[in-house]
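Colleague: Below is the structure I would like to discuss, written out as structure tokens.
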Amino acid sequence: MTRILSKKKRRVAVMLNYISYVILIFFFSNLLDNYQFIEIAGLGILAILLVGTFIYLYVNINLWNLGNAPDNDLGESQIKVRNESYRYSYIVIATLLLLGVICMAIAFDAGLWFPSTYEEGNAIVWGAILLTMTLPSAIIAWNEKEI
Amino acid sequence: MDLRISINRRRIGVTINIIALFLLVLVFELIKFEVGISKVLGISLIGFVLIVLIASFIYVFVYTGAWNMSHQKTGKLDERQIQVVLNAIRYSYSIFIIFTLIIIYGFALLEKGPVDVVIAAALLYMAHILPASVLAWTEKEL
């Protein structure tokens, strides 16, 4: 059964999805040295939020299909919407990548935080995978009045 | 200036352009890590590869109008051109993210410090030429 979500709900879910990942990574890299109960609980809540918003946004709803389906499975107007979302995604990803590289170079020279361990590198890579896989659908969720 | 260049020639041009870009980065990295190449030879190679890169860029992207088309505001393109460009961007997105993820992951695994300025510039250049490359590669008439 396909669900229909209002634009407002979709926008909130998109924000929560990305923000929960960023905070989750922040927790991992900074706060989990002693593995206190409260920290593990916080981590669990964030993980549930991340997975929950992902399921809420992309499972049993047309969004994921709209962002990733081949042309044959979509109508002409859907292809238009999908391709437009890829254009925005491309601009966002290329800009983020450039900013990321500049920030890394500055951080490296200025002795600021920089993903230097395997775990930190992994966190960045998984974040990039999450972002790049979901961004076209997230942009559709953010922009479209009706899905 | 929009020249009619056959699709085969465009494809060859795109291939040469991308190979030149890879070679440019490779030679820079070899010089940087002082692996198996002298500075004089490296700089000569960079000069040669740069000329090939610029020449193939002008031939494939400027003369054909692919660069203009892929960077034009959608308001200035007709309906068919908009669809062609957006479709090219969709393919470029897939190629670009796979490529950048490999690079980011590679650097994270090797722990070689930040992605250096040459790779950053190459990625930026690639982000700009990819849609034009897909156009030059796939469109029968440009």
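The values are calculated or read from the model by the stated rules, or taken from the named source; none is laboratory data. Worth saying up front: this structure is predicted, and the values here are computed from it rather than measured. Here the Cβ positions follow ideal geometry from the backbone for every residue, glycine too, while neighbour counts run over all protein chains shown.
Colleague: Could you grab me the full set of residues in segment A:109-121 that are more than 9 Å from chain B (Cβ to nearest Cβ) and either among the hydrophobic types (A, V, I, L, M, F, W, C) or closer than 11 Å to residue B:116 by Cα (or both)?
Modeller: Across segment A:109-121, the qualifying residues are A:110, A:112, A:113.
Colleague: So which residues in segment A:70-90 are facing another protein chain (nearest Cβ under 8 Å) and among the small types (Gly, Ala, Ser)?
Modeller: Passing the criteria: only A:89.
Colleague: Can you find a residue that is under 29 Å from residue A:88 (Cβ atoms) and aromatic (Phe, Trp, Tyr) anywhere in segment B:62-72?
Modeller: yes
Colleague: Could you please give the count of residues in segment B:50-80 that are under 21 Å from the mean Cα position of the chain (by Cα) and in a helix (DSSP H, G or I)?
Modeller: Counting residues in segment B:50-80 that are under 21 Å from the mean Cα position of the chain (by Cα) and in a helix (DSSP H, G or I) gives 19.
Colleague: Among the listed residues A:50, A:57, A:46, identify the single one that is surrounded by 14 or more Cβ atoms within 10 Å (Cβ to Cβ), touching a residue at least 60 places away in the same chain (Cβ under 8 Å) and touching a Ser or Thr at 6+ places or on another chain (Cβ under 9 Å).
Modeller: A:57
Colleague: Which is out of contact with any strand residue (DSSP E or B) (no Cβ under 8 Å at 6 or more places or on another chain) and surrounded by fewer than 15 Cβ atoms within 10 Å (Cβ to Cβ), of A:137, A:116?
Modeller: That would be A:116, the only listed residue that is out of contact with any strand residue (DSSP E or B) (no Cβ under 8 Å at 6 or more places or on another chain) and surrounded by fewer than 15 Cβ atoms within 10 Å (Cβ to Cβ).
Colleague: Hey, any hits in segment A:66-73 for a residue that's more than 21 Å from the chain's Cα centre (by Cα) and under 14 Å from residue B:90 (Cβ atoms)?
Modeller: yes
Colleague: In addition: From A:93, A:102, A:106, which residue is in contact (Cβ under 8 Å) with a residue 12 or more places away in the chain, in a helix (DSSP H, G or I) and within 12 Å of another protein chain (Cβ to nearest Cβ)?
Modeller: Answer to the selection: A:93.
Colleague: Only one of (1) within 14 Å of chain A (Cβ to nearest Cβ); (2) among the aliphatic types (A, V, I, L, M); (3) under 13 Å from residue B:133 (Cβ atoms) fails for residue B:82. Which number is that?
Modeller: (3)
Colleague: More than 19 Å from residue B:127 (Cα to Cα) and within 15 Å of the chain's Cα centre (by Cα), is that true of residue A:85?
Modeller: No; evaluated as a whole, the condition is false for this residue.
Colleague: Another question about this same structure. What are the residues in segment B:10-44 that are surrounded by 14 or more Cβ atoms within 10 Å (Cβ to Cβ) and of a type outside the set (A, V, I, L, M, F, W, C), if any?
Modeller: Selection gives B:10, B:11, B:13, B:15, B:17, B:29, B:42.
Colleague: A further question on this structure: Test residue A:97 against the stated conditions and say whether it is under 26 Å from residue B:91 (Cα atoms), at pLDDT 80 or above, in contact with a Leu (Cβ under 7 Å, 6 or more places away or on another chain) and aliphatic (A, V, I, L, M).
Modeller: It is true that residue A:97 is under 26 Å from residue B:91 (Cα atoms), at pLDDT 80 or above, in contact with a Leu (Cβ under 7 Å, 6 or more places away or on another chain) and aliphatic (A, V, I, L, M).
Colleague: Next question, about the same structure. Of all residues being more than 17 Å from the chain's Cα centre (by Cα) and at pLDDT 75 or above in segment A:122-147, which is nearest to the other protein chains (Cβ to nearest Cβ)? Just the residue, please.
Modeller: A:144
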